[in-house]
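Worksheet: one structure, shown below.
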Amino acid sequence: MDSIIPQLLTGLAGASSLFLVASGLTIIFGVTRIVNFSHGSLMMLGAYIGWSILTRLPRDPEWFILGLVLTVLAIALIGVVLEVVVLRRVYRAPELFQLLATFGVVLVLQDVTLWIWGAVELPLPRPRWMRGFVEIMGNRFPFYDLILIFVGPVVLGLLWLLMNRTRWGTLVRAATLDREMVAALGVNQRTLFTSVFALGAGLAGLGGALSLPNSSANLNIDLSIITDAFVVVVVGGLGSLTGAFLASLLIGILQAFGIVLVPKITLVLVFLVMAVVLVFRPNGLMGRPQAEAREATVAAPVIRAAPRELRILGLVALALAVAAPLVVGDYYLTVLTDACVAIIFATSLHFMMGPGGMASFGHAAWFGIGAYAAGLLMQWIGAPMPVGMLAAPVAAGIVAALFGWFVVRLSGVYLSMLTLAFAQIVWAISFQWVEVTGGDNGLLGLWPSEWARDPTIFYWIALVLAVGVALLLRRALFAPYGYALRAARDSATRAQSIGLDVKRLRIVALVIAGAACGLSGAIFSYSKGGIFPTYISIPHSVEALLMVLLGGLQTVAGPIIGALVYTGLADILVRSTDLWRLVLGSVIVLLVVAFPEGIAGAARRLWLRGREA
Amino acid sequence: MLSVDGLNTHYGRAHILQGMSLQMGRGEVRVLLGRNGAGKSTTMKSIIGLVRPTSGRISFDGQEIAGEEPHRIARRGLGYVPEDRRVFADLTVMENLEVGKQTARGGMRGWTPERLFELFPNLGRMRDRPGGRMSGGEQQMLTIARTLMGNPRLVLLDEPSEGLAPVIVEQMAKAILALKGEGLTILLAEQNLHFAGGVADSATVVEKGRVVWSGTMAELRADEAARTQYLAV
Amino acid sequence: MSVLVVQGLSKSFGGVQAVGDVSFAVAPGEMLAMIGPNGAGKSTCFNMVGGQLRPDAGSVVLDGRSITGLGPRAIARQGVGRTFQITATFGSMTVRENVQMALLSHRREIWQFWRPVAGRYAGEADALLAQVGLEAQAERATGVLAYGDLKRLELAIALGNEPRLLLMDEPTAGMAPAERVGLMQLTRRLATERGVAVLFTEHDMDVVFDVSDRILVLNRGVLIAEGDGASIRANPAVREIYLGTGATSGGH
């Protein structure tokens, strides 16, 4: 009993900062329809800028408040710059490309922050007034946490007034429903969007600065808070401020108790709660079904088999790939093996994402599950490589079937966020369950069988598997199953009305994609000799997305081209600069702005220009 | 007052408007006739700026407006009522009207919610009802009222009778005639010839993105050949 | 014997009754129109027959078997075809492939991962397309079809499932007047040839009075009139709540 109340209050305090970030995310999404991946980065900047301001000011409460105000203004200003420079240019791009562009911003801001403030954590020394305690029911409770607890409801109340009692709020709510119509009624969308973004960014900045006294400014804030914020927004219902508030309370309290009760699996607990909520309320606690986007959508082009010229080109490339070991050295052989892994990684994601219409932001989960399955079997029973390579897809496929049971009940952004959260859980298990997975140190000593240890032989094995998987997936796509999957994506209502089982089609797509991806994880692990939690990290999942989107969703050859281009680019980048995140992030943003349909998509359009009525 | 000249637009590779032209005088009510996909809606969206024309001129009160942003065009005194209504479903009647509000331009008697409720008495009885919980006919009234809150001098009405019960269509015709009485210039897109005949002075028939017939309503009634050829009635 | 028999169908949303105690039947080859003011409960009725909504009370019987409360997929399998107010087709496929999908699904050949779709049931698909007048467009992408042609394609897809009952929700919405009557006369011909019962909603009175055998009038969720065109036209209650004077709807 003694520990319950303090723990509850800690949870409530955590809920407040979570709410600040999630509310900004939700407001921005409402109006711009962009899920702002870089929202966590804005909070991180809030912490750093807040630190720089607060450490320079006197340490009295009134100065603290002034510091907060300055920080909020600074982050709101950064938000404005971000909106004007990047987001404004991608409003008309497809949803996924927007997410990708904001992820590019995450990478850029990571390096910028590192460059300005350095890698060391920056704690804020707590002044005397902040260290006070208040006695509640016999427990001494930190004064500052009480302040935090009040901030959440106060901000919720102010936002409610702003949204429901001002003309600006009415316009924002109208734009959330139909922004084109708002423009046609004479409202300047640009200023509206920019001001909304400034408000959302300011809230994130406030969250960042307020979190300083209890933690510190550090480089991990961005991705960890964005995962939590996604969970909150999904549980609460996208676009609902009240929902975000309730979900923040739920998640905040859960985390506070989880850390005491089940420290190792707090994230798993959070995930389970989210799963339960989504099974009963697929649109979140307070959410409503997503309205159909009110934009002139250009229909997806008809998928036809590749033109003969492209097949010949493919055969030539394959012949070159087979002969490559005779020409290139060991280093490039490693890069080529990585490329084979990347091909499976990307084609498997394309399978569920293109024809399946399920955009996963956590594809690396299957990669990791496959890798760990092979690694653990080796460690427990000394399983050799062929067994490991067989076990990997089986394990990933089984988990995908379990996970698929409720993921196929969602669609669009919800599905993307859920897959991201799921991947974070798998990552957390691999990272925290040290006894089994070796934690951060990973599993070492996973080498190919004796007969395959020669890099050339191993490369050929990887090549055969990559080409085999790509061809099998392609075959399935042109068979009735693949068509039915595409039918379910094109129009779920029509698919059902001709008797197709949409959910089952999607689960099977997820299982196939997961299994194939698991295989790529195993190949990768054998080629590197070990398995690490980074295989499951968010950036790795985003790599898969990048490859697919680079290549374009509309062609079967797309993900292969994307995988090759990406592997090549990454290799050059990582070797040539320390600021690779900055460069990669900028490249992503530029690509999204320049080629909204991917490289292969653009090439296909040029190729077909004038050939199709 | 409004002059559209040689307008071309594309959606992707599809060439929708192919040299569309149109003239409208002050106080005129003109109907655009033509089958679905002929380019009636695209003409309206191009005028209000939601679709950017690839070439051609649009001038309103002598000012060139082609390629301007929608909100600027709207503020010049052009109102747009889209097809399939598009009320803000979560917003109440009063809030919907608030979104459309623009200050009146010189010399005009500005529209207020109260004046609009005289025109559409149904709306006045449901001021706080969310747009999404109104019937189709009520929603259509609301979109028109919402556009009028911007005090436009010319209104583009895209298929206001579509999907409405005949008895509601009759009310709609009365409301449009009342607006005409106020001196408003109206460009109407319609498939319902009975309805159009009751409210319009003149007609323009569109086919494959260009004008194939133009004249007064009386001329259209007299021109049996044109009606059979273009409208199949 | 009737293909579809609906008895005492009711549905409320949040305490507000949308449909109350509606009963009707449709015979093979019969065209039954359902009309009424916006918000009268037509869509709700439709969605209960089609399986998108579960009725609070009442029964839906197809060919003597109860389909009450089944999901849309199961109902489709029982032989109910559908066209939608906003056309729903498979945009990433050609016109022929759209129909092939319906044929493959009807023959339960969806769960195959190897043999390509190309060429399977192509002849049958083309025959169905010919019936709706789309044979010349079989190779085209559905995305470039004219609106009226999309409606015809929906009809061909629905027929691919060999339905006993066809549900058409505002089938002519958004079409030009001349095309409207054309589409519904085509439907009428196919319904007669194949003995399919057709239940449709419609706001265009030219279409309703031209092609329907019988008309149901719904108001506030309740059936207020039922009969042939002449009796409905003469019914003062129907004129009052729905038809009006006929000035803007062609003098009906």
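Read through the list (1) under 14 Å from residue A:544 (Cα atoms); (2) outside any helix (DSSP H, G or I), then give the number of the only condition that residue A:357 fails.
(1)
Can you tell me which residue in region C:122-151 is surrounded by the fewest Cβ atoms within 10 Å (Cβ to Cβ), limited to those that are away from every other protein chain (no Cβ under 13 Å) and not hydrophobic (A, V, I, L, M, F, W, C)?
For region C:122-151, the residue satisfying everything is C:123.
If residue C:195 satisfies every condition in (1) closer than 22 Å to residue C:60 by Cα; (2) touching a strand residue (DSSP E or B) at 6+ places or on another chain (Cβ under 8 Å) but one, which is the exception?
With respect to (1) closer than 22 Å to residue C:60 by Cα; (2) touching a strand residue (DSSP E or B) at 6+ places or on another chain (Cβ under 8 Å), residue C:195 is out only on (2).
Within region A:455-468, identify whether any single residue is assigned by TED's automatic domain parsing to the domain that holds residue A:393 and closer than 30 Å to residue C:75 by Cα, and answer yes or no.
Scanning region A:455-468 turns up no residue that is assigned by TED's automatic domain parsing to the domain that holds residue A:393 and closer than 30 Å to residue C:75 by Cα.
From (1) among the aromatic types (Phe, Trp, Tyr); (2) free of Cβ contacts under 8 Å to residues at least 40 places away in the same chain; (3) touching a strand residue (DSSP E or B) at 6+ places or on another chain (Cβ under 7 Å), pick out the condition that doesn't hold for residue A:141.
That leaves (2) as the condition not met.
Among the residues of region A:404-427, write down those that are among the aromatic types (Phe, Trp, Tyr) and either under 17 Å from residue A:227 (Cα atoms) or buried (at least 22 other Cβ atoms within 10 Å of the Cβ) (or both).
Matches in region A:404-427: A:414, A:422, A:427.
Only one of (1) within 14 Å of chain B (Cβ to nearest Cβ); (2) surrounded by fewer than 23 Cβ atoms within 10 Å (Cβ to Cβ); (3) under 14 Å from residue C:171 (Cβ atoms); (4) touching a strand residue (DSSP E or B) at 6+ places or on another chain (Cβ under 6 Å) is not met by residue C:207, so which one is it?
Answer for residue C:207: the failing condition is (4).
Can you name every one of the helices (runs of 4 or more DSSP H) wholly within region C:1-109 that holds 2 or more residues which are out of contact with any helix residue (DSSP H, G or I) (no Cβ under 8 Å at 6 or more places or on another chain) and farther than 19 Å from residue C:196 by Cα?
Per the criteria, C:42-50.
On the given criteria, is residue B:171 surrounded by fewer than 22 Cβ atoms within 10 Å (Cβ to Cβ), polar (S, T, N, Q) and in a helix (DSSP H, G or I)?
Criteria met by residue B:171.
Determine if region A:256-268 includes at least one residue that is in a helix (DSSP H, G or I), touching a Gly at 6+ places or on another chain (Cβ under 7 Å) and at pLDDT 80 or above.
Checking region A:256-268: at least one residue is in a helix (DSSP H, G or I), touching a Gly at 6+ places or on another chain (Cβ under 7 Å) and at pLDDT 80 or above.
Looking at region B:77-108, which of the residues that are of a type in the set (D, E, K, R) and over 21 Å from the mean Cα position of the chain (by Cα) is surrounded by the most Cβ atoms within 10 Å (Cβ to Cβ)?
B:95
Is one or more of the residues making up region A:344-352 touching a strand residue (DSSP E or B) at 6+ places or on another chain (Cβ under 7 Å), closer than 12 Å to residue A:519 by Cα, aromatic (Phe, Trp, Tyr) and buried (at least 19 other Cβ atoms within 10 Å of the Cβ)?
No: region A:344-352 contains no residue that is touching a strand residue (DSSP E or B) at 6+ places or on another chain (Cβ under 7 Å), closer than 12 Å to residue A:519 by Cα, aromatic (Phe, Trp, Tyr) and buried (at least 19 other Cβ atoms within 10 Å of the Cβ).
From the list A:329, A:314, which residue is at pLDDT below 90, surrounded by 14 or more Cβ atoms within 10 Å (Cβ to Cβ) and either on the phi < 0 side of the Ramachandran plot or of a type in the set (Asp, Glu) (or both)?
A:314
Return yes or no: is residue B:7 in contact with a Gly (Cβ under 8 Å, 6 or more places away or on another chain) and away from chain C (no Cβ under 14 Å)?
The answer is yes for residue B:7.
Write out, first by first residue and then by second, each pair whose Cβ atoms fall under 8 Å of each other, whose residues are 6+ apart or on separate chains, and whose first residue, in region A:427-450, is in the same structural domain as residue A:337 (by TED's automatic domain parsing) while the second is of a type in the set (S, T, N, Q) and outside any helix (DSSP H, G or I).
Close Cβ pairs (under 8 Å, with a partner that is of a type in the set (S, T, N, Q) and outside any helix (DSSP H, G or I)) amount to A:427/A:537.
Find the helices (runs of 4 or more DSSP H) located wholly in region A:1-91 whose residues include 2 or more that are surrounded by fewer than 16 Cβ atoms within 10 Å (Cβ to Cβ), and list them.
By residue number, A:4-32, A:61-82.
Given A:200, A:157, which one is on the phi < 0 side of the Ramachandran plot and surrounded by fewer than 20 Cβ atoms within 10 Å (Cβ to Cβ)?
One residue alone meets the criteria, A:157.
Wholly within region B:176-233, which strands (runs of 3 or more DSSP E) include no fewer than the required count, namely at least 3 residues that are within 14 Å of another protein chain (Cβ to nearest Cβ)?
In region B:176-233, the matching strands (runs of 3 or more DSSP E) lie at B:202-207.
Name every residue in region A:465-478 that is facing chain C (nearest Cβ under 8 Å), of a type outside the set (Lys, Arg) and over 19 Å from residue C:89 (Cα atoms), in order of residue number.
A:476 - this is the single residue of region A:465-478 that is facing chain C (nearest Cβ under 8 Å), of a type outside the set (Lys, Arg) and over 19 Å from residue C:89 (Cα atoms).
Whether any residue in region A:166-178 is within 14 Å of chain B (Cβ to nearest Cβ) and among the acidic types (Asp, Glu) is what I want to check.
yes
Check whether at least one residue in region A:461-476 is closer than 26 Å to residue A:406 by Cα, touching a Gly at 6+ places or on another chain (Cβ under 9 Å) and crowded, with 24+ Cβ neighbours inside 10 Å, and report yes or no.
No, region A:461-476 has no match at all.
Can you confirm whether residue A:579 is surrounded by fewer than 20 Cβ atoms within 10 Å (Cβ to Cβ), without any contact (Cβ under 8 Å) to a residue 60 or more places away in the chain and away from every other protein chain (no Cβ under 14 Å)?
no
Sort through C:215, C:224, C:232, C:241 and tell me the only one that's at pLDDT below 95, in a strand (DSSP E or B), touching a helix residue (DSSP H, G or I) at 6+ places or on another chain (Cβ under 8 Å) and not aromatic (Phe, Trp, Tyr).
That would be C:224, the only listed residue that is at pLDDT below 95, in a strand (DSSP E or B), touching a helix residue (DSSP H, G or I) at 6+ places or on another chain (Cβ under 8 Å) and not aromatic (Phe, Trp, Tyr).
Tell me which residues, restricted to region C:80-93, are within 10 Å of chain A (Cβ to nearest Cβ) and surrounded by fewer than 19 Cβ atoms within 10 Å (Cβ to Cβ).
Matches in region C:80-93: C:86 only.
Just one of the numbered conditions (1) surrounded by fewer than 22 Cβ atoms within 10 Å (Cβ to Cβ); (2) more than 28 Å from residue C:43 (Cα to Cα) is not true of residue C:164; which one?
Only one criterion is unmet by residue C:164, namely (2).
How about region B:93-114: which of its residues are over 12 Å from residue B:146 (Cα atoms) and modelled with pLDDT of 90 or more?
B:114
For the condition out of contact with any Asp or Glu (no Cβ under 8 Å at 6 or more places or on another chain), of a type outside the set (Ser, Thr, Tyr) and surrounded by fewer than 19 Cβ atoms within 10 Å (Cβ to Cβ), what is the one hit in B:14, B:66?
Sole residue among the options that is out of contact with any Asp or Glu (no Cβ under 8 Å at 6 or more places or on another chain), of a type outside the set (Ser, Thr, Tyr) and surrounded by fewer than 19 Cβ atoms within 10 Å (Cβ to Cβ): B:14.
The values are calculated or read from the model by the stated rules, or taken from the named source; none is laboratory data. Bear in mind that the values here come from a model prediction, so they are computed numbers and not experimental data. Cβ atoms come from the backbone with ideal geometry, glycine included; neighbour counts cover every protein chain shown.
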